[in-house]
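Notes for the one structure printed next.
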Amino acid sequence: MSKPKLAYYLAGGCGGCDIAVVDLAETLVDVALQLDIVFWAPTVADAKYKDLEAMPDGSIDVGLVSGNVRNSEHEHIVKVMRQKCKVLIAFGICAACGGIKGLVNLHTTEQLLDKAYINTFSTDNPEKVLPQTTVVVDGKYELTLPTLMDARPLDQVVKVDYYIGGCPPYHEHIGKAFMALLSGQLPPSGSWITMGKAVCEVCDRNPVLQGKSKKFATTVKRTIEGTPTEGACILEEGYLCLGPVTQGDCGAKCPSANVPCRGCGGPIPGVKDFGLRAISAIASMLDNEELVEQIPDPVHLFYRYALPSSFLGKRINR
Amino acid sequence: MKNGLDRYNKKNNPEGGKGMKKIEINPMTRLEGHGKITIFLDEQGNVENAFMQVVEFMGYEKFLIGMPIEEVPRTVTTICGV
């Protein structure tokens, strides 16, 4: 029997998910020996987009896409990936929900370009040159760039078979997911690959796991205003932590380092709109309504990783 | 170098043809971030000009505005995760 073929495409991401795969270390050696990697661009292998386009449809067993869909080139290549791959996985929170880079949907393309290319303190651009989709240099060299679009998670562009959360996915979880993939023990199509527990359920600081009950937060604090007490629940002390609604396949790594969870793991099973669920969860854990006013910068907190996949999707400028 | 490009050009432009030829190497590989190289060849098949483009734009300069300062370090790590 020939080895299963794997393709990996990094769309609008940062390459952190690729590095997380490399973090598998010894497990990667076991996994890689069982796989035939036919495409991994741009980070790892040398195959070009043309090479992927030339492969027969449905010839690749598993395709991973990390990063969101942010421009016309991403859109084209993820459609090609869908044609070529039998199983397509949204790998990491950008592909699954939009990710941090999905926060671009808070602004229009014009506002983003204006800030980056014209109105930044350190930018010197008196002629106000902006990136163009087509430009002809010296009257004869025609160069092109992809068209920028709002950020979209993968499933708003093509059908997605599985989702894996995390920014990046935790390497031990990737190992388990790959093993499940290779042995064919996968959940129904359209599912998240997760153990199904929230960060709180695997967090050593959770009072419920210590036989105590969870108390309401009586203040809202920023992490520059103090340090969470060692071993105590971060959320109880008023540092807003999204552990209750976030998949805990990471093993609660941030809370164990005294840092509140920000929701990169994606929504716990049964939740479609992460931001909405996070707002509801935090609201229900605050002692009184006045505390809501003290939440700093709610959109960057509740929608940090999941704005494009939320019901809101983006800011509408009227 | 020239022979290598000629071979690449024959493979990708079997028609050959007169005038300037354009070779696109897309994407640049073994790095994070999306880059593209466009090479223009003259009628003799020599390199006339070449361009490297970074084809992506993110927008952190704008969407970070308003975020509490202590949240910024863990957010901007996603500019490049390699």
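Values for this structure:
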{"item": "Percent antiparallel among DSSP beta bridges (both partners in the protein assembly as shown, rounded to 5)", "result": "50"}
{"item": "Accessible area buried at the A-B interface, both sides summed, 1.4 Å probe (Å², nearest 100)", "result": "4200"}
{"item": "Of all accessible heavy-atom area on region A:276-318, the percent that carbon and sulfur account for (1.4 Å)", "result": "53"}
{"item": "Protection-proxy order for peptides A:70-80, A:207-217, A:12-22, each taking the mean of Cβ atoms within 10 Å per residue, highest first", "result": "A:12-22, A:70-80, A:207-217"}
{"item": "Total formal charge among the other residues, if their Cβ is under 12 angstrom from that of A:Gly13, Lys/Arg +1 and Asp/Glu -1", "result": "-1"}
{"item": "Shape category assigned to region A:42-102 from the gyration tensor of Cα positions, a/c cut at 1.5", "result": "prolate"}
{"item": "Long pairs among A:Lys3/A:Lys50; A:Lys50/A:Lys176; A:Lys86/A:Lys314; A:Lys159/A:Lys197; A:Lys5/B:Lys62, criterion Cα-Cα beyond 28 Å", "result": "A:Lys50/A:Lys176; A:Lys86/A:Lys314; A:Lys5/B:Lys62"}
{"item": "Average beta-carbon neighbours from other chains, 10 Å sphere, peptide B:47-56", "result": "4"}
{"item": "Estimated FRET transfer efficiency (A:Val137, A:Lys159; beta-carbon r; R0 35 Å; 0.05)", "result": "0.30"}
{"item": "Förster radius 45 Å - calculated FRET efficiency between A:Leu28 and A:Glu230, Cβ distance, rounded to 0.05", "result": "0.85"}
{"item": "Mean ellipticity per residue at 222 nm, deg cm²/dmol - from DSSP H runs of n ≥ 4 across chain A, formula -39500 (n - 2.57)", "result": "-7000 deg cm²/dmol"}
{"item": "Per-peptide average of other Cβ atoms within 10 Å, ordering A:150-163, A:47-60, A:121-134 highest first", "result": "A:150-163, A:47-60, A:121-134"}
{"item": "Alpha-carbon centroid distance for the pair region B:19-73 / region A:129-148, whole angstrom", "result": "12"}
{"item": "Accessible-area composition of region A:107-146, carbon plus sulfur, in percent [1.4 Å probe]", "result": "51"}
{"item": "J(HN,Hα) series, region A:119-129, from Karplus relation 6.51 cos²θ - 1.76 cosθ + 1.60, nearest Hz, glycine and proline x", "result": "9, 8, 3, 8, 9, 10, 9, x, 7, 6, 6"}
{"item": "Computed FRET value (nearest 0.05) for B:Val76 with A:Arg315, which takes r as the C-beta separation and R₀ as 30 Å", "result": "0.90"}
{"item": "Highest-first arrangement of A:188-195, A:109-116, where packing means the average Cβ count within 10 Å", "result": "A:109-116, A:188-195"}
{"item": "Set of region B:28-72 residues, backbone N closer than 11 Å to the point 7 Å along the Cα-Cβ line of A:Tyr117", "result": "B:57"}
{"item": "Averaged over B:69-82, number of beta-carbon atoms from partner chains that fall within 10 Å", "result": "6"}
{"item": "Probe 1.4 Å, accessible area per residue of the protein assembly as shown, Å²", "result": "48"}
{"item": "Simple label model, 7 Å out from Cα along Cβ direction - B:Gln44 to A:Leu186, nm", "result": "5.5"}
{"item": "Threshold 20 Å² - residues in region A:288-309 whose accessible area is reduced by that much or more when the chain is no longer isolated, probe 1.4 Å", "result": "A:Asp297, A:His300, A:Arg304"}
{"item": "For A:Ile37, distant residues with modelled amide H under 5 Å away", "result": "A:Leu6"}
{"item": "Delta accessible area of at least 50 Å² on complex formation, residues of region A:1-21, 1.4 Å probe, chain isolated as reference", "result": "A:Cys14"}
{"item": "Per-residue average of Cβ from other chains inside 10 Å of A:44-52", "result": "3"}
{"item": "For A:Gly263, residues with placed amide H under 5 Å, excluding near neighbours", "result": "A:Leu242"}
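The values are calculated or read from the model by the stated rules, or taken from the named source; none is laboratory data. Since the structure is predicted, the reported quantities are computational estimates derived from the model, not experimental observations. As a convention, Cβ positions derive from the backbone with ideal geometry for all residues, glycine included, and neighbour counts pool all protein chains shown. Heavy atoms of the whole protein, side chains included, go into the accessibility calculation; ligands, DNA and RNA do not. Shrake-Rupley method; radii C 1.70, N 1.55, O 1.52, S 1.80 Å.
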